[in-house]
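If you scroll down you'll find the structure; I have some questions about it.
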Amino acid sequence: MNILAIETSCDETAIAIVEAEGDTENARFSVLGNALVSQIELHREYGGVYPALAKREHAKNLVPILEAALEEAELLHEDTQAIPEEVRSAITKILEREPGLEEQFLEFVSECEVPAIDAIAVTTGPGLEPALWVGINFAKALALVWDKPLIAVNHMEGHILAALARQSPGKGRTSELEISNVEMPVLALLISGGHTELVLMKKWLEYELIGQTRDDAVGEAFDKVARMLDLPYPGGPEISRLAELSRSSADSDSQGSTLESPLPRPMINDATCDFSFAGLKTAVLYLLKNDILMNRRPSKDKNIVEIADEEKAAIAREFEDAVTEVLWKKTSRALEDSGAQTLVIGGGVSANTHIRRTFAHKIQEEHPHIDLRIPTNALSTDNAVMIALAGFYRAIRQDFATDIIANGNRSLA
Ligand code: KG4
Ligand code: ZN
């Protein structure tokens, strides 16, 4: 079955075409086409994702990306298609809120053959609603002209399935993936810009929320702390880079922080599997205001307070250490409480080198029977391949949608 998947929940416009076969227990995937445009550069000047801009950019990017993905999949064939008047007017209605998209869309579909795909999967939440709607309306319009069924995918289910997927052995190509030999229950630590949660899957696609953040998501904390350190958006990769620099620098103490007062590890010893990162972020703010900046006052020019690069790196490292320790402690508790056999880490923050390394090491040391699965970096951050994977799992359950709507707060459990 060929699935065309569309992802526009945040600041990545992505479309993938994935050939999928097998069943729940043993699914195999071949990524035929995968196109993605990141809007990060555009949002950088706002210090975060600006929803109206994201929506406009998705509308601008979708047709070119679709064309690129189909072309890569060798499914793009020129042909003149007559679009009946009633279909045209239905499309006008579907795309009326996406300025500029209708014209591009009609031009594209009237010049190419209906491609050999079997279903269209699209992210319907969680995410930014204006951004989600663009992808949904585009998917609806495609489903209508090409007469294909639609699948409404939960973005977080995509992150879980992408984390479970591994490169097929012996294929030697990153585009060949499979989901197999999964021992239940699966515990998923989902860490992204909008989420920090521990989810338990005892049966395929049935979820139980066993822990979540009570305030900020971990990715949000990375981004906010990065802003305090005057680092560009998105902050996660920047903090990670500086923290690694601090760890590898010759004069740093490789055993721990180089800061005089360590940052807190919020809720690390409480009995729940919940998290809190707002206090950690505030602690960084106070550290900067009270300790570092105060100490700087007697310097030559009172008005210019710059943090030295080494200081930034030391803070980034201590922040990353604090986050990682809390994430590990709670995950370890959840593994013990739930009897999980498999652990997956998904979401953008799972691209973090220190978190990946620490989890791999700790699992080996403390829970050697657990099968730890972490996606490749490209599958960790938002992408459309993960939406295709989830789309396949839904399609084999005949879970097709007749009408779909965006739900910014869509949950798994
Ligand atoms: O899953 P994702 O791509 O989008 C959402 O669904 O939110 O996650 C984005 C988040 C951002 O907060 C970004 O700073 C963070 O993931 N992130 C990282 C790293 N790469 C991305 N955080 C820490 N270390 C990284 N290497
Ligand atoms: Zn995500």
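Laboratory data are not the source of any read-out in this text; all were calculated from the coordinates shown. Predicted model only: the values in this text are computed from it and were never measured. FYI the Cβ positions are ideal-geometry reconstructions off the backbone, even for glycines, and counts take in every protein chain you see.
Which lysines have a Cα less than 29 Å from the Cα of Lys312, not counting those fewer than 8 places away in the same chain?
Lys312 reaches Lys224, Lys281, Lys289, Lys300, Lys302, Lys329, Lys330, Lys362.
Here's something else I'd like to know. Could you put Met201, Met228, Met386 in order, starting from the residue whose Cβ has the fewest other Cβ atoms within 10 Å?
Met228, Met201, Met386
Moving to a separate point now. With N set to the residue count of segment 183-374, report its C-alpha Rg divided by 2.2 N^0.38 Å to two decimal places.
For segment 183-374, the normalised Cα radius of gyration is 1.09.
How high is the relative contact order of the chain, given as a whole-number percent (alpha carbon pairs under 8 Å, six or more residues apart)?
It rounds to 23 percent for the chain.
If the viscosity is 1.306 mPa s and the temperature 10 °C, what Stokes-Einstein diffusion coefficient in µm²/s follows for segment 96-172 when Rh is the Kirkwood radius over Cα pairs?
Taking Rh from Cα pairs, D becomes 109 µm²/s.
Order of 82-89, 34-41 by packing, highest average Cβ count within 10 Å first? Present the calculation step by step, with values, prior to reporting the outcome.
On the way: 82-89: 10.6, 34-41: 17.8.
Sorting 82-89, 34-41 by mean packing, highest first, produces 34-41, 82-89.
Please order His77, His159, His195 by the number of other Cβ within 10 Å, starting at the fewest.
Fewest to most other Cβ atoms nearby, the residues stand as His77, His195, His159.
Put +1 on the Cβ of each Lys and Arg and -1 on the Cβ of each Asp and Glu in the chain; which of Tyr393, Asn2, Pro232 then has its Cα farthest toward the positive end of the dipole?
Final value for the positive-end residue is Pro232.
Loop-only check: which trypsin sites (Lys or Arg not before Pro) in segment 191-239 are DSSP coil with at most 15 other Cβ within 10 angstrom?
Working: sites: Lys202, Lys203, Arg214, Lys224, Arg227; in loops: Arg214.
The qualifying sites are Arg214.
Right, here's the next one. Below 8 Å, C-alpha to C-alpha, sequence gap of six or more: please give me the relative contact order for segment 183-374 in percent. Please list the in-between numbers first.
Values: 305 pairs, mean separation 58.2, N = 192.
Relative contact order here is 30 percent.
Continuing with this model, one more query. Quick check: the angle from helix 129-146's long axis to the longest principal axis of the chain, C-alpha only, nearest 10 degrees?
Once rounded, one gets 20 degrees.
Can you give me the P(r) profile for the chain? Cα pairs, bins 20 angstrom wide beginning at 0, each as a whole percent.
Whole-percent P(r) values from 0 Å outward: 26, 52, 20, 2.
Which aspartates and glutamates does Lys93 reach when only Cα atoms under 14 Å apart count, and residues fewer than 8 places away in its own chain are ignored?
Answer for Lys93, where 14 Å is the Cα cut-off: Glu85, Glu102, Glu103, listed by chain and number.
I need two numbers for segment 39-175: Rg to one decimal and Dmax as a whole number, Cα atoms only, in Å.
16.6, 50
With +1 on the Cβ of every Lys and Arg and -1 on the Cβ of every Asp and Glu, and nothing else charged, how large is the dipole of the chain about its Cα centre, in debye rounded to the nearest 20?
With Lys and Arg at +1 and Asp and Glu at -1, about 1240 debye.
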